[in-house]
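Please read the structure below before turning to the comments.
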Amino acid sequence: MENQVLNIQNFSFYYGETQVLKDINLSIEKNRVTAIMGPSGCGKTTLIRAINRMHELTENTRTEGIIKLYNEDIFELDPITVRRKIGMVFQKPNPFPTMNIYDNVIAGYNLNGIKLKKSDKDIIVEDSLRKSALWDEVKDNLYKKGTFLSGGQQQRLCIARALAMKPEILLLDEPTSALDPKATSHIEELIKELRSYVTMLIVTHNMGQAARISNDAVFLYLGELVEHGKTKKLFTTPQDKRTEEYLTGKFG
Amino acid sequence: MNFKINRDKLFRAILYGSAFFLIVLIFGFFITFILESSESLTKFGFGFITGKQWDPVDGHFGALPFLSGTLITSFLGLIISFPISLMIAVFLSEYFYKGFFHNVIKTAVELLAGIPSIVFGFWGLFALVPLIREFQLSIGIEPYGVGIFTSAIVLSIMIIPYTASISREVISMVPTDVKEAAYSLGATKFEVIRKIILPYSGSGIFAGALLALGRALGETMAVTMIIGNSNSMPTSIFSPGNTMASVIANEFTEATDSTYVSALIEIGLLLFLVTALINLVGKYIIKKTVQF
Ligand SMILES: Nc1ncnc2c1ncn2[C@@H]1O[C@H](COP(=O)(O)OP(=O)(O)O)[C@@H](O)[C@H]1O
Ligand SMILES: [Mg+2]
């Protein structure tokens, strides 16, 4: 399949002796938004942090199975390479407090010691800020600290920072859970627009949000992938009883 | 109810009182120094600071050799100590943040802070001075062994705990999510340390260095034992010399006439002012550079 960006096969995850993901199989197609849903503690964060190998920063973690980015197993690549190709947006906006807005956007290059001409940097910064719908708001203050922005703007700055690296996939872990409703809907609009540039995997425990912005949806429960399908289909005719119970608010 | 309010008032009064007491104390300190050194202050004026000659028998009292001695040994000590302290701090907070190795090194640093300075003096005298003498012989300069360089090395070791422990503390305060953001962009550990952690904790590390410098400026016993107690202007970093603190310690008991005593007290005043000045400038720099 040409369109398949990510392919997770027989993937299990352990914190020490505790298994928190059980034999996950999931394939993600290009330029689609996939929502990962499930009650708190079911392993959503763990799953997406494994996709860019962020879990390796946590001690005592172990994985089984493979995760393919196009045709390469990410566990056979250098984690640095994996993380440059797979961007991440965190639950709480986390712009670099020591850097101004411009430097925040270009940080991926500076951190990695990639030297660029100023004019190339300018292009990347403007392009990324436009894509994250922040350009008009910050174009006159590019050299001010990113931490002075509102929470929603900070989160869009973090999205711009990830987009600047031109990732194949963008992982978003409950990117709106720390934001107010207005900022949330702004980010939701943004995600819909970004679909044409980048494939996205978004963790959310807000079902309305999943319904509004995703093409596909995954339901995780107690570390198991219970159901995966088109969002509309999963919401209207869930195949598994547990999915149905979750969607009708029986748990989580 | 009334009782509670009164207790609150009393507590506040005690707090105010303590703060006020401290100000009075420092002020009193200052007054005493000025009164006790007034003879020297009026006799030598500004020439006291610029005078290169200290010869109590002939009545020459110029403190420049000691002012230079203090500044050179302290800054040199800080320059040697700083990178080592910073590496220890990074090592303890980012590489070995727990476990056996962490505890061994952390304990060693804490022990270093608790060693009395006379022990450092002895160590310098018996272990370091012979080494330095060898070195001086090998490069063909006067083999004093003791001197400014020797003192700077001992000072550099004595002040490691100050920079290291404060730096470790501020480095461990760098938020995890900020570090994770950098890792998620593909940064290596070294890049995260250099481009995220150190800039973030820069002003705190600077404050640690400042504290270490303050400690070096005032260190008396160890330096007195190994600096060579020479009152002439140092000509190189290997020259024997004296610091403001060491000359006071060395000569105070011998000072017989009132001018001599008053001149030594003025050195004390000078040391007090230099330390205060460096602290103020440092605080100003920290204020200017804290950006978030
Ligand atoms: N660092 C960790 N060490 C041990 N267990 C963890 C760690 N992080 C998460 N877990 C456990 O793994 C499970 C899945 O957590 P997580 O992926 O954060 O869930 P979610 O994001 O769906 O709320 C939970 O039971 C949680 O307690
Ligand atoms: Mg989570």
Q. Checking A:LEU170 against (1) open to solvent by 10 Å² or more (accessible area, probe 1.4 Å); (2) at pLDDT 95 or above, which test does it fail?
A. (1)
Q) Can you tell me which residue in the range A:5-17 is nearest to the other protein chains (Cβ to nearest Cβ), limited to those that are open to solvent by 40 Å² or more (accessible area, probe 1.4 Å) and away from ligand 2 (no atom under 16 Å from the Cβ)? A) A:GLU17
Q | Residue check, A:ILE48 in contact (Cβ under 8 Å) with a residue 60 or more places away in the chain, within 13 Å of ligand 1 (Cβ to nearest atom) and within 14 Å of chain B (Cβ to nearest Cβ) | A | yes
Q: Can you tell me which residue within the range B:162-177, out of those that are part of a helix (DSSP H, G or I) and open to solvent by less than 10 Å² (accessible area, probe 1.4 Å), is nearest to the other protein chains (Cβ to nearest Cβ)?
A: B:ILE171
**Q.** Tally of residues being away from ligand 2 (no atom under 11 Å from the Cβ) and open to solvent by 60 Å² or more (accessible area, probe 1.4 Å) across the range A:32-57
**A.** 2
Q) Just one of A:LYS139, A:LYS115 is without any contact (Cβ under 8 Å) to a residue 60 or more places away in the chain, open to solvent by 70 Å² or more (accessible area, probe 1.4 Å) and over 30 Å from A:LYS68 (Cα atoms); which is it? A) A:LYS139
Q | Residues that are more than 16 Å from ligand 1 (Cβ to nearest atom), hydrophobic (A, V, I, L, M, F, W, C) and either surrounded by 22 or more Cβ atoms within 10 Å (Cβ to Cβ) or touching a residue at least 24 places away in the same chain (Cβ under 8 Å) (or both), drawn from the range A:58-84 | A | A:ILE66, A:LEU69, A:ILE74, A:ILE80, A:VAL82
Q.
Quick check on the range A:90-104. Is at least one of its residues at pLDDT 95 or above, buried (at least 19 other Cβ atoms within 10 Å of the Cβ), more than 28 Å from B:LEU198 (Cα to Cα) and within 16 Å of ligand 2 (Cβ to nearest atom)?
A. no
Q: Name, by its number, the condition in (1) small (Gly, Ala, Ser); (2) open to solvent by 10 Å² or more (accessible area, probe 1.4 Å); (3) more than 13 Å from chain A (Cβ to nearest Cβ) that does not hold for B:GLY208.
A: (2)
**Q.** In the range B:178-195, the residues that are more than 19 Å from B:PHE96 (Cβ to Cβ) and either more than 7 Å from chain A (Cβ to nearest Cβ) or of a type outside the set (Lys, Arg) (or both)
**A.** B:VAL178, B:GLU180, B:ALA181, B:ALA182, B:SER184, B:LEU185, B:GLY186, B:ALA187, B:GLU191
Q: Take A:LEU21 and decide whether it is more than 16 Å from ligand 1 (Cβ to nearest atom) and either away from every other protein chain (no Cβ under 14 Å) or open to solvent by less than 50 Å² (accessible area, probe 1.4 Å) (or both).
A: no
**Q.** Given (1) open to solvent by 100 Å² or more (accessible area, probe 1.4 Å); (2) touching a strand residue (DSSP E or B) at 6+ places or on another chain (Cβ under 6 Å), number of the condition B:ARG7 does not satisfy
**A.** (2)
**Q.** Hey, B:ALA249 among the small types (Gly, Ala, Ser), within 21 Å of the chain's Cα centre (by Cα) and open to solvent by 50 Å² or more (accessible area, probe 1.4 Å) or not
**A.** yes
Q.
Any residue at all in the range B:221-241 that's open to solvent by less than 30 Å² (accessible area, probe 1.4 Å), part of a helix (DSSP H, G or I), within 19 Å of B:LEU125 (Cα to Cα) and small (Gly, Ala, Ser)?
A. yes
**Q.** Which listed residue, of A:LEU142, A:LEU179, is assigned to a loop (DSSP other than H, G, I, E, B) and within 16 Å of ligand 2 (Cβ to nearest atom)
**A.** A:LEU179
Q: Take the residues in the range A:102-113 that are more than 9 Å from every other protein chain (Cβ to nearest Cβ) and either touching a Phe, Trp or Tyr at 6+ places or on another chain (Cβ under 7 Å) or not in a helix (DSSP H, G or I) (or both), then tell me which one is nearest to A:ILE124 (Cα to Cα).
A: A:TYR102
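The values are calculated or read from the model by the stated rules, or taken from the named source; none is laboratory data. Model, not experiment: these values are computed from the prediction. Positions of Cβ are generated from backbone atoms using ideal geometry, with glycine treated the same way; all protein chains shown enter the neighbour counts. These accessible areas exclude ligands, DNA and RNA; they are computed on the full protein's heavy atoms, side chains included. Shrake-Rupley method; radii C 1.70, N 1.55, O 1.52, S 1.80 Å.
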